[in-house]
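The values are calculated or read from the model by the stated rules, or taken from the named source; none is laboratory data. Keep in mind it's a predicted model, so treat the numbers as computed, not measured. Here the Cβ positions follow ideal geometry from the backbone for every residue, glycine too, while neighbour counts run over all protein chains shown.
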Amino acid sequence: MMELALAMETVLQNGDVTEAPFLEPEAAAAIAVGLSALAAGYAERGIGAAAIGAIAEDDDLFVPGLIMTVLPETLVIFAIVVVFLV
């Protein structure tokens, strides 16, 4: 933790980074995919419950409920695209 603070202090004072990066690009991409998958799962939890409740009351809400349930997965798709760009 102290090394990170010293590296940040160096960057703030000099505006120049002369040390190795804190994270390799592949590691940063892996963290991005993992966190986006967690966020998508968390969002789908509430959306799925609401969609099932709405469908139980009105069968015509199946397609909008399905679309709203699938929307958070686009976060993961975008994160995977970033992995291929890195």
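Every residue in the stretch 38-64 that is within 19 Å of Leu75 (Cα to Cα) and among the aromatic types (Phe, Trp, Tyr), please.
The one that is within 19 Å of Leu75 (Cα to Cα) and among the aromatic types (Phe, Trp, Tyr): Tyr42.
Is there a residue being over 12 Å from the mean Cα position of the chain (by Cα), surrounded by fewer than 12 Cβ atoms within 10 Å (Cβ to Cβ), among the hydrophobic types (A, V, I, L, M, F, W, C) and modelled with pLDDT of 90 or more anywhere in the stretch 21-39?
No; the residues of the stretch 21-39 include none that is over 12 Å from the mean Cα position of the chain (by Cα), surrounded by fewer than 12 Cβ atoms within 10 Å (Cβ to Cβ), among the hydrophobic types (A, V, I, L, M, F, W, C) and modelled with pLDDT of 90 or more.
Criterion first (modelled with pLDDT of 65 or more, in a helix (DSSP H, G or I) and loosely packed, with under 11 Cβ neighbours inside 10 Å) does Leu12 satisfy it?
So Leu12 fails the test.
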